[in-house]
Amino acid sequence: MKKQPNYNYAFIFYDIGEKRVQKVFKTCKKYFTHHQKSVFRGNITNADLLELREKLKKIIDKKEDFVSIIKLINEDSFAEETLGINKKDGESLFV
């Protein structure tokens with residue numbers, strides 16, 4: 001059996017129906033830093049990532065909504081470039 005990597009950092013972005021978007025936002029905010037509109041990112045344990053995924057599955061409509069989780073080993077394993085204005089209340093834009 002192949003060992004799964006230990007992911008410690010993640011990005012999450014979504015496109016959710018209006019009725020459910022606030023619930024998804026509040027749920028993601030408990031685990032991550034709000035990055036930009038419907039984008040969150042930050043350090044997370046494997047246990048918290050599993051918990052978050054299960055909570056989101058209960059909120060979303062699988063036929064209408066979209067959630068993407070990009071998992072990384074650590075926050076230094078990707079390159080980030082900022083284009084345009086950097087919001088004061090968020091972090092830079094991941095492109």
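None of the figures in this text is laboratory data; all of them are computed from the coordinates on show. What you are looking at is a predicted structure, and each value in this text was computed from that prediction instead of being measured. Using ideal geometry, Cβ is built from the backbone for each residue, glycine included, and neighbour counts are taken over all protein chains shown.
Label-to-label distance, LYS58 versus ASN46, with points set 7 angstrom from Cα along the beta-carbon direction: 2.3 nm.
Taking the fewest neighbouring Cβ atoms within 10 Å as the starting point, the ordered list for ARG41, ARG53 is ARG53, ARG41. Each of THR27, THR45 was scored by other Cβ atoms within 10 Å of its Cβ. Arranged with the fewest first, they read THR45, THR27.
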